[in-house]
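Asker: Sharing a structure, written as structure tokens. Questions coming.
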Amino acid sequence: MSNLSHAVKQAVEKYSGERENLLDIIRDVQGELGCVSDEAIAAIAEQLGTSALDVEGVVTYYHFFSKTPAGKYAVYLNNSAVANMKGRNKVAAAFEEKTGIKFGTVSPDGLIGLYDTSCIGMSDQEPAALINGVVFTNLDAEKVADIVAGMKSGKEVTELIKNYGDGQNQAELIKSMVRSNIMEKGAVIFAPFEQGAALKKAIAMKPDEVINEIKKSSLRGRGGAGFPTGMKWESTAAGQGAKHIICNADEGEPGTFKDRILLTEKPEMVFEGMAVAAYAIGATEGIIYLRAEYAYLRKYLENVLETLRNENILGKNICGKEGFDFDIKIVLAAGSYVCGEESALIESAEGKRGQPRNRPPFPAQKGYRGEPTSVNNVESFCAAARVIEKGSDWFLEIGTQQSRGTKLLSISGACEKPGVYELPFGVTVSEILEKAGVKKAAAVQVGGPTGACVPPSEFERKICYGDLSTGGSIIIFGSDTDILAAVENFMNFFIDESCGWCVPCAVGNTILTKKLEKIIHGNGTQSDLTEIENWCQIVKNMSRCGFGTSSVNPILSTLKNFRHLYEDRLKKDVDYYSEFDLASSIKESCLAVGRKPETEGH
Ligand code: SF4
């Protein structure tokens, strides 16, 4: 039997030959063979009894799968806006100089591959990279020289990381990457937590009483959209068929890293919150959907789950409650921002391309395996556990009328003290800046690229669902930050991450970004600015899912609050009508989206 056949057979058998486990099967085959070639795709398809097209569709959808060898050492250097603010370009240049190859290529001997990647959840320690899944932080040219020399001499990545003391896929070392700045008084999440306290209280109640307690607390989802958690649990409980609980640990919003902190410092609380939800809705199975960039946490989390099984927080007849059975499995993602959207996440957890579903039906009615499913954020499960432990009245005392409790904020960018902060809802932007050691900020990006770029004149605005809503990303722009370059970075992120299903999002953002680049480089005119505004409305109003509708926010927000930055870079004294050339405009748009203009050659 050839290597390829053996690797495929082994992977398929390991995952019981189930199509649903396709992501794991592909990952294992890639781990054995270095890539998933056409031959491997055909062999996987045959073993699973599906089509090669089906398997190829999945392989080509996710960033961390590759049909060609990615290099013995695959270096994924973060190219987020924060990474750029922290000197990412110098680090990238050092990698290119020392390896002799360009980003997006593999060295001729197949040893090293260099790749750009969007946020890897390390915005507090940029520039950062994943090398074969191991995190390297606070990189500089000197470290790069050392790392590349180590790769050339054949050292293991776990050996290379030792020089820097930050990460060996061991729990205590993962924890050493955490730099938290937690509020000391009034904490909901980071106050001491007694394992089992919330669950014991929950099982002393009836399931609908647990749901009512969560509803009474006014707890809303911590992912940013703020859907009431109790209502979501109630609708799922009322659905027909087996129930499922999914923890969305796929935080991919550039600038967000608070789930990384929660999963390293409070995993028991996350899992206990899931068990409380399972009891409330009647689920026996739970999934934690872990983003691919956090694969190094998998083993650590498996150990935590095993400990909880031994303590009867998970398993059968949990905490002595006859008939209450619940367990959690980890589903590892493969790199797709869109999978943060709950229906896309469910598709991915079923081993498919992570594309959003049409809604209705909503996941609470028809989710994982077509059965009622509640998908909640990592932070939401922690807050839910605390509500049950301490009671809704206690929770209602914290935060504002519309936004109860606290919010974990991932603060990064031009500040002295980046990290995760737990602060009550209602905190103002200026209070956040003070806590993060910022004397003067040019702007604050609240909610990641899809959020708002807040100018200094609005720093008294509040973090809450009624004003500045955020999943947790707070990026501070300093006086030397090129805000339009950050906008360009955000737009390129959306182009890379679009699932490609609908034209306004897949094509419109490319056209928008080309126009933006034209302005940034001093070649734009007033008509480009007008076209940008028109395209923003097309993409916003005609995209199929929330990703597309919010993808134009970086431009809309900065046009509203920093319009002068655009106008200052426009070409002056250009007559609107004489400079407009329809043929060139169409040609430019076609080229921007990779299509051959129809008129070419005529
Ligand atoms: Fe995919 Fe359309 Fe959603 Fe963009 S808006 S992510 S192309 S479904």
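The values are calculated or read from the model by the stated rules, or taken from the named source; none is laboratory data. Predicted model only: the values in this text are computed from it and were never measured. Reconstructed Cβ throughout: ideal geometry from the backbone, glycine too, with neighbour counts over all protein chains shown. These area figures cover heavy atoms from the full protein model, side chains too; ligands, DNA and RNA do not enter into them. Shrake-Rupley method; radii C 1.70, N 1.55, O 1.52, S 1.80 Å.
Asker: Counting only protein heavy atoms and a 1.4 Å probe, tell me what percentage of region 291-411's accessible area is made up of carbon and sulfur.
Answerer: Carbon and sulfur together cover 45 percent of it.
Asker: Right, another one. Under 18 Å Cα-Cα from Lys514, which lysines qualify once same-chain neighbours fewer than 8 residues away are excluded?
Answerer: Within reach: Lys540, Lys571, Lys587, Lys596.
Asker: Something else about it: Between their Cα atoms, which of Lys9/Lys155; Lys232/Lys560; Lys329/Lys435; Lys67/Lys90; Lys232/Lys329; Lys86/Lys440 are more than 28 Å away from each other?
Answerer: Beyond 28 Å: Lys9/Lys155; Lys232/Lys560; Lys329/Lys435; Lys67/Lys90.
Asker: Of all DSSP beta bridges in the chain, what percent run antiparallel (nearest 5)?
Answerer: Roughly 45 percent of the beta bridges in the chain run antiparallel, per DSSP.
Asker: Sticking with this structure for a sec: Placing +1 at every Lys and Arg Cβ and -1 at every Asp and Glu Cβ, with all other atoms neutral, what dipole size does the chain have around its Cα centre, in debye to the nearest 20?
Answerer: Result for the chain is approximately 720 debye, rounded to the nearest 20.
Asker: For region 239-311, compute Rg over Rh where Rg is the Cα radius of gyration and Rh is the Kirkwood radius from the inverse mean 1/r over Cα pairs.
Answerer: 0.99
Asker: On to the next question. Where does the Debye-calculated log10 I(q)/I(0) of region 422-469 sit at q = 0.24, 0.30, 0.32 Å⁻¹, using only Cα point scatterers of equal weight, no solvent?
Answerer: The calculated log intensity ratios at q = 0.24, 0.30, 0.32 Å⁻¹ are -0.90, -1.32, -1.40.
Asker: Which Rg and Dmax, in Å, describe the Cα atoms of region 3-61?
Answerer: 9.6, 25
Asker: Using only alpha carbon pairs under 8 Å that are at least six residues apart, calculate the relative contact order of the chain and give it in whole percent.
Answerer: 12 percent.
Asker: Checking a compactness column here: for the chain, what do you get for Rg(Cα) / (2.2 N^0.38 Å), N being the number of residues?
Answerer: The reported ratio for this selection is 0.97.
Asker: Could I ask something else about it? When N is the residue count of region 491-573, what does its C-alpha Rg come to as a fraction of 2.2 N^0.38 Å?
Answerer: 1.06
Asker: Past the 19 angstrom mark, what percentage of all C-alpha to C-alpha distances in region 402-518 do you count?
Answerer: 50 percent
Asker: Stokes-Einstein at 4 °C, 1.567 mPa s, Kirkwood radius from Cα pairs: D for region 73-165 in µm² s⁻¹?
Answerer: Estimated diffusion coefficient is 101 µm²/s.
Asker: Which percent of the accessible heavy-atom area of region 479-577 goes to carbon and sulfur, probe 1.4 angstrom?
Answerer: With neighbouring chains kept in place, the figure for region 479-577 is 51 percent.
Asker: Still on this structure: Skip the ligands, DNA and RNA, and give the accessible area per residue of region 3-61 with a 1.4 Å probe, whole Å².
Answerer: Accessible surface, normalised per residue, equals 47 Å².
Asker: What is the distance in Å between the Cα centroid of region 280-296 and that of region 68-103?
Answerer: Using only Cα atoms to place each centre, the spacing works out to 31 Å.
Asker: Answer with one residue from Phe190, Gln537, Thr60: the one whose Cα lies farthest towards the positive end of the charge dipole of the chain, charges on Cβ with Lys, Arg +1 and Asp, Glu -1.
Answerer: Checked the options; the winner is Phe190.
Asker: Still on this structure, I have one more. Could you work out the pair-distance distribution P(r) of region 6-151 from its alpha-carbon pairs, with 10 angstrom bin width and percents rounded to whole numbers?
Answerer: In whole percents, the pair-distance histogram is 12, 37, 27, 19, 6, 0.
Asker: Can you give the alpha-carbon Rg of region 392-442 over 2.2 N^0.38 Å, where N counts its residues?
Answerer: In units of the globular-protein estimate, region 392-442 measures up at 1.28.
Asker: With both partners inside region 406-477, how many of the DSSP beta bridges are antiparallel, as a percent to the nearest 5?
Answerer: Once the DSSP bridges in region 406-477 are tallied, antiparallel ones form about 75 percent.
Asker: Now, a different point. Can you work out D for region 183-396 in µm² s⁻¹ from Stokes-Einstein, where Rh is the Kirkwood radius over C-alpha pairs, the temperature is 10 °C and the viscosity is 1.306 mPa s?
Answerer: The diffusion coefficient I find is 94 µm²/s.
Asker: Could you tell me the extents of region 268-374's C-alpha atoms along the three principal axes, largest first, rounded to whole Å?
Answerer: 41, 33, 19
Asker: Over region 307-414, average the accessible area per residue using a 1.4 Å probe and give it in Å², no decimals.
Answerer: Solvent-accessible surface per residue comes out at 35 Å².
Asker: How about Lys216: which aspartates and glutamates have a C-alpha closer than 18 Å to its C-alpha, ignoring those fewer than 8 places off in the same chain?
Answerer: Reachable aspartates and glutamates: Asp208, Glu234, Glu389, Asp393, Glu397.
Asker: Something else about it: Any idea what the dipole of region 406-477 comes to, in debye rounded to 20, about its Cα centre with Lys/Arg Cβ at +1 and Asp/Glu Cβ at -1?
Answerer: Roughly 100 debye for region 406-477.
Asker: With each run of n ≥ 4 DSSP H residues scored as -39500 (n - 2.57), what mean residue ellipticity at 222 nm is computed for the chain after dividing by its residue count and rounding to the nearest 500 deg cm²/dmol?
Answerer: Rounded to the nearest 500, it is -12500 deg cm²/dmol.
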